[in-house]
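A.B. asks: This structure is in structure tokens; I'll ask about it shortly.
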Amino acid sequence: MSKFAIAQRLKGLPTNSIWEEMTPLANKHKAINLGQGFPSFAPPKFLLEELEKVLENSEQAPLAHQYCPVRGNAELVGQLGKVYSKHFSREVGLPNLAVTDGVTQALSATFQAFLNHGDEVVLIEPYYDAYYQDIYVTGGIVKYASLQPSTESADQWKLTRESLLAAVSEKTKFILLNTPQNIPGKVWEEDELQIIAEVAKEFDVVVIADEVYMYLTYGKPHLSIANLPGMWERTITLCSAGKTFSCTGWKIGWAVGDATLIAPIAQIVSYQTFCCSTPFQIALARAMAKAEGNGFYEKFRGEYAARVDEVCEMLAASGLAPVKPKGGFFVLADISNVDPKHYYDPGNTSQAKDWQFSLWLTKTIGVCCIPVTAFCKNDSRPLYDNYVRFACCKPESELHAAAERLQKLHDYLR
């Protein structure tokens, strides 16, 4: 069976992910899972009603259950065109759009469409863990620019021009930007985006802007780097329905950009999944049209802002130091006040301090969080190993129960 050994490209990847470790551990210890970032409540009613209508009308519209065009169902493509024409102040139509099986596929298809062996991609750490794997399996090389952490707020985590320039070279093909950034919940300012844009233009680099949290900002606007001068032609903007409409299992995402950048992505999609679920696309298109006029986005932001405040208060009351986010689903906490003698084995070099803390918290306190060092290169562990991540996208009952359990942390503080 020697011919059936795994491919060489898989040997450089981790054999298991943080999710495969923490979620089963949370289940085993009956911990409240504030680790993985998926909502544990239903999507908005008006979205589900649109899906019901599509299903009820199946006899009259049977094509709603068949393959749709590679670029996406016409209703969804049309609605996305309206949304992004307004957002980018330019005409955005079919040549500028590709609907994908979530942003996960959009990323994979982008790298497969453009990366040659040895091409480099700059990640801004802490980064979403799937980024590295997608780049690696396509033969790309990952370079890193690090946000400098701060306990004050997520927006004080800063990227310096020097750090970015140290990561970029003539081999760089992409800079991958997440805004709002999953970790630490940073909403990028225009002057910060301008630094990235200037470097991209200087080195003839394309920016991939992962904007899945674009509707989740607190007290400040979301800015797209593609709106900066000279950046539409060198930006691929990605987004999805999952986070905004609490339907991560629907797996509907999209790529938006100049036609010359989107066409190769659509070509790859045509040879992968060809299309994602047609009835769900139709329901989403109709719900998005309603959301533009029914106040959904304002209500959505308000509800999550209240959850963020609640989680920050919960963490502070337990003795942890929350790093208040300006966007996204998550709150970071500085664990420095917890005495490491209770959870940290310095001889265990395979797991950083925050990783050991997360395991201990899940087993001992009954609340599951995620270590930030799961989202950076090994050399950057000392920069981030005082921080863990808690998800806010949970119902009130779970957040209240987690707050009660976390009070037990007072027995372990310095």
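A.B. asks: Quick one: which residue in G242, G302 is among the small types (G, A, S) and either in the same structural domain as P221 (by the TED database) or touching a strand residue (DSSP E or B) at 6+ places or on another chain (Cβ under 9 Å) (or both)?
C.D. replies: Details: G302 fails: either in the same structural domain as P221 (by the TED database) or touching a strand residue (DSSP E or B) at 6+ places or on another chain (Cβ under 9 Å) (or both).
Testing whether each residue is among the small types (G, A, S) and either in the same structural domain as P221 (by the TED database) or touching a strand residue (DSSP E or B) at 6+ places or on another chain (Cβ under 9 Å) (or both) leaves just G242.
A.B. asks: Looking only at the stretch 289-299, how many residues end up being touching a residue at least 12 places away in the same chain (Cβ under 8 Å) and open to solvent by 60 Å² or more (accessible area, probe 1.4 Å)?
C.D. replies: 3
A.B. asks: If L63 satisfies all but one of (1) modelled with pLDDT of 95 or more; (2) part of a loop (DSSP other than H, G, I, E, B); (3) open to solvent by 40 Å² or more (accessible area, probe 1.4 Å), what's the number of the condition it fails?
C.D. replies: (2)
A.B. asks: Quick one: V54 ticks every box in (1) open to solvent by 80 Å² or more (accessible area, probe 1.4 Å); (2) touching a Pro at 6+ places or on another chain (Cβ under 7 Å) bar one, so which box is it?
C.D. replies: Result: V54 passes all but (1).
A.B. asks: Looking for whichever is open to solvent by less than 20 Å² (accessible area, probe 1.4 Å) and touching a helix residue (DSSP H, G or I) at 6+ places or on another chain (Cβ under 6 Å) here; the options are V207, V187. Which one fits? Don't jump to the end; show me each part of the working.
C.D. replies: On the way: V187 fails: touching a helix residue (DSSP H, G or I) at 6+ places or on another chain (Cβ under 6 Å).
Of the residues listed, the single one that is open to solvent by less than 20 Å² (accessible area, probe 1.4 Å) and touching a helix residue (DSSP H, G or I) at 6+ places or on another chain (Cβ under 6 Å) is V207.
A.B. asks: On the basis of being modelled with pLDDT of 95 or more, in contact with a helix residue (DSSP H, G or I) (Cβ under 8 Å, 6 or more places away or on another chain) and hydrophobic (A, V, I, L, M, F, W, C), does V308 make the cut? First the steps, then the outcome.
C.D. replies: Numbers: modelled with pLDDT of 95 or more: yes; in contact with a helix residue (DSSP H, G or I) (Cβ under 8 Å, 6 or more places away or on another chain): no; hydrophobic (A, V, I, L, M, F, W, C): yes.
In short, no.
A.B. asks: Can I ask one more? Being small (G, A, S), at pLDDT 95 or above and open to solvent by 20 Å² or more (accessible area, probe 1.4 Å) is true for just one of G302, G319, G327, G366. Which residue is that?
C.D. replies: Details: G319 fails: open to solvent by 20 Å² or more (accessible area, probe 1.4 Å); G327 fails: open to solvent by 20 Å² or more (accessible area, probe 1.4 Å); G366 fails: open to solvent by 20 Å² or more (accessible area, probe 1.4 Å).
That would be G302, the only listed residue that is small (G, A, S), at pLDDT 95 or above and open to solvent by 20 Å² or more (accessible area, probe 1.4 Å).
A.B. asks: Could you pull out the residue among E170, E198 that is in the same structural domain as V92 (by the TED database), open to solvent by 10 Å² or more (accessible area, probe 1.4 Å) and in a helix (DSSP H, G or I)?
C.D. replies: Among E170, E198, only E198 is in the same structural domain as V92 (by the TED database), open to solvent by 10 Å² or more (accessible area, probe 1.4 Å) and in a helix (DSSP H, G or I).
A.B. asks: Kindly evaluate G118 against the criterion of being in contact with a Gly (Cβ under 6 Å, 6 or more places away or on another chain) and on the phi > 0 side of the Ramachandran plot. I'd like the intermediate steps shown before the answer.
C.D. replies: Values: in contact with a Gly (Cβ under 6 Å, 6 or more places away or on another chain): no; on the phi > 0 side of the Ramachandran plot: yes.
So G118 does not fit the description; no.
A.B. asks: Does any residue of the stretch 143-163 turn out to be surrounded by fewer than 22 Cβ atoms within 10 Å (Cβ to Cβ), farther than 26 Å from F329 by Cα and in contact (Cβ under 8 Å) with a residue 40 or more places away in the chain?
C.D. replies: Among the residues of the stretch 143-163, not one is surrounded by fewer than 22 Cβ atoms within 10 Å (Cβ to Cβ), farther than 26 Å from F329 by Cα and in contact (Cβ under 8 Å) with a residue 40 or more places away in the chain, which makes the answer no.
A.B. asks: Would you kindly identify the strands (runs of 3 or more DSSP E) lying entirely within the stretch 250-348 that contain at least 2 residues that are closer than 25 Å to V83 by Cβ?
C.D. replies: 253-257
A.B. asks: Ok, one more. Being in contact with an Asp or Glu (Cβ under 8 Å, 6 or more places away or on another chain) and on the phi < 0 side of the Ramachandran plot is the filter; apply it to the stretch 127-142 and report the residue that is surrounded by the fewest Cβ atoms within 10 Å (Cβ to Cβ).
C.D. replies: I141
A.B. asks: Still on this structure, I have one more. Looking at (1) assigned by the TED database to the domain that holds A263; (2) open to solvent by 30 Å² or more (accessible area, probe 1.4 Å); (3) under 25 Å from the mean Cα position of the chain (by Cα), can you tell me which one G72 breaks?
C.D. replies: Only one criterion in (1) assigned by the TED database to the domain that holds A263; (2) open to solvent by 30 Å² or more (accessible area, probe 1.4 Å); (3) under 25 Å from the mean Cα position of the chain (by Cα) is unmet by G72, namely (2).
Condition check ((1) among the hydroxyl-bearing types (S, T, Y); (2) without any contact (Cβ under 8 Å) to a residue 24 or more places away in the chain) across all residues:
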site: I6; (1), (2): no, yes
site: T15; (1), (2): yes, yes
site: T23; (1), (2): yes, no
site: A31; (1), (2): no, no
site: S40; (1), (2): yes, no
site: L47; (1), (2): no, no
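A.B. asks: Restricting attention to the stretch 75-105, and to residues there that are of a type in the set (D, E) and surrounded by 12 or more Cβ atoms within 10 Å (Cβ to Cβ), which single residue is farthest from the chain's Cα centre (by Cα)?
C.D. replies: First pass over the stretch 75-105, keeping only residues of a type in the set (D, E): 75, 91, 101.
The next check asks that each one be surrounded by 12 or more Cβ atoms within 10 Å (Cβ to Cβ); those that pass are 75, 101.
Values: E75: 26, D101: 15 Å.
Only one residue fits best here, namely E75.
The values are calculated or read from the model by the stated rules, or taken from the named source; none is laboratory data. Since the model is a prediction, treat every value here as computed from it, not as a measurement. FYI the Cβ positions are ideal-geometry reconstructions off the backbone, even for glycines, and counts take in every protein chain you see. Heads up: the accessible areas ignore ligands, DNA and RNA and are worked out on the full protein's heavy atoms, side chains in. Shrake-Rupley method; radii C 1.70, N 1.55, O 1.52, S 1.80 Å.
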